[in-house]
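These notes are about the structure you will find just below.
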């Protein structure tokens with residue numbers, strides 16, 4: 001029996017310490033944000049609580065990750081890093097979360113036990129709900145204090161967006177300010193030499209030279225330069241087709257007709273007063289506001305990442 005004692009002790013020691021050793025192996029640190037660790041298990045928890053997050057997280061719906069059925073671990077980790085930065089910058093206390101949940105219970109006319117039961121029926125723990133509500137409060141603070149007042153859209157931006165999205169339509173009623181470089185074939189010994197001159201002008205424009213400067217040194221006729229505002233009906237078919245393809249401020253490629261090679265640039269676009277902008281103004285404003293909101297959020301997160309210690313340890 002005495003000879004069996006060391007073996008028995010070995011089994012006892014293994015039984016005591018094996019769970020701890022196993023936990024250390026499984027609980028891999030995926031990233032560190034300042035002094036807070038994000039574990040591989042946090043990534044798994046994110047996946048398991050996605051439906052619950054979609055209901056309470058005010059920023060999640062607009063994230064690219066929300067539209068993916070199977071986001072990668074790296075994509076989830078990137079989201080959790082951003083969330084950690086927000087929680088650190090705009091902390092919410094347990095009392096804040098309790099007050100928020102109490103307000104929800106009041107609106108739903110249920111008590112805490114009924115809320116817990118409803119969450120269980122959805123397949124989640126109340127602790128997960130509480131944690132997500134805390135991050136929700138922090139994100140709402142970020143929105144109110146840092147994002148909302150910067151996400152503004154002007155009437156000019158709405159009009160420009162309407163013109164940009166509708167100017168290519170055959171039913172668009174409005175005019176375009178056009179700039180044109182026209183190289184007449186008759187001014188050259190051969191059409192090939194005229195094409196070569198037009199291509200040199202196009203290459204200069206593609207390098208970033210000003211349209212007017214290129215036009216002034218290109219062998220052109222009197223039909224070149226600023227043509228003013230023209231409607232579709234005022235344009236010759238070849239130019240009209242190119243303008244429909246281009247947006248405001250864009251320069252097209254080489255256009256050829258029987259007598260010349262041309263390059264057109266579209267300047268300002270003006271829609272007629274009754275063109276339909278009034279009917280679409282609110283929808284356009286909403287789209288632009290959402291895009292600007294996401295842009296401002298991205299800028300804020302980029303600034304915070306640059307100011308804080310973020311170390312990623314995740315191995316693919």
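The values are calculated or read from the model by the stated rules, or taken from the named source; none is laboratory data. Computed from a prediction, not measured in an experiment: that's the story for all the values here. Cβ sites come from the backbone with ideal geometry, for glycine too, and all protein chains shown count toward neighbours.
Answer with yes or no whether residue 48 is out of contact with any helix residue (DSSP H, G or I) (no Cβ under 9 Å at 6 or more places or on another chain), at pLDDT below 95 and more than 19 Å from residue 141 (Cβ to Cβ). In short, no.
Here is the figure for the stretch 58-108: residues that are within 17 Å of the chain's Cα centre (by Cα) and in a loop (DSSP other than H, G, I, E, B) total 5. When 75, 70, 100, 63 are screened for being modelled with pLDDT under 90 and surrounded by 14 or more Cβ atoms within 10 Å (Cβ to Cβ), only 63 passes.
Taking into account only those residues within the stretch 256-277 that are part of a strand (DSSP E or B) and more than 16 Å from residue 181 (Cα to Cα), which is modelled with the lowest pLDDT?
If we take residues in the stretch 256-277 being part of a strand (DSSP E or B) and more than 16 Å from residue 181 (Cα to Cα), then 271 is modelled with the lowest pLDDT.
It is to be established whether one or more residues within the stretch 114-127 are modelled with pLDDT of 95 or more, within 25 Å of the chain's Cα centre (by Cα) and part of a helix (DSSP H, G or I). No: the stretch 114-127 contains no residue that is modelled with pLDDT of 95 or more, within 25 Å of the chain's Cα centre (by Cα) and part of a helix (DSSP H, G or I). Cβ-Cβ contacts under 8 Å between residues 6 or more apart (or on different chains), taken from a first residue in the stretch 217-240 that is within 17 Å of residue 202 (Cα to Cα) and assigned by TED's automatic domain parsing to the domain that holds residue 204 to a second residue that is modelled with pLDDT under 85 and loosely packed, with under 12 Cβ neighbours inside 10 Å, are absent. Just to be sure, is residue 178 in contact (Cβ under 8 Å) with a residue 24 or more places away in the chain and under 37 Å from the mean Cα position of the chain (by Cα)? Judged against the criteria, residue 178 is a match.
Take the conditions (1) at pLDDT 90 or above; (2) in contact with a strand residue (DSSP E or B) (Cβ under 6 Å, 6 or more places away or on another chain); (3) outside any helix (DSSP H, G or I); residue 253 misses just one of them, which is (2). Exactly one residue among 159, 148 is in a helix (DSSP H, G or I) and either more than 30 Å from residue 235 (Cβ to Cβ) or out of contact with any helix residue (DSSP H, G or I) (no Cβ under 8 Å at 6 or more places or on another chain) (or both), and that residue is 148.
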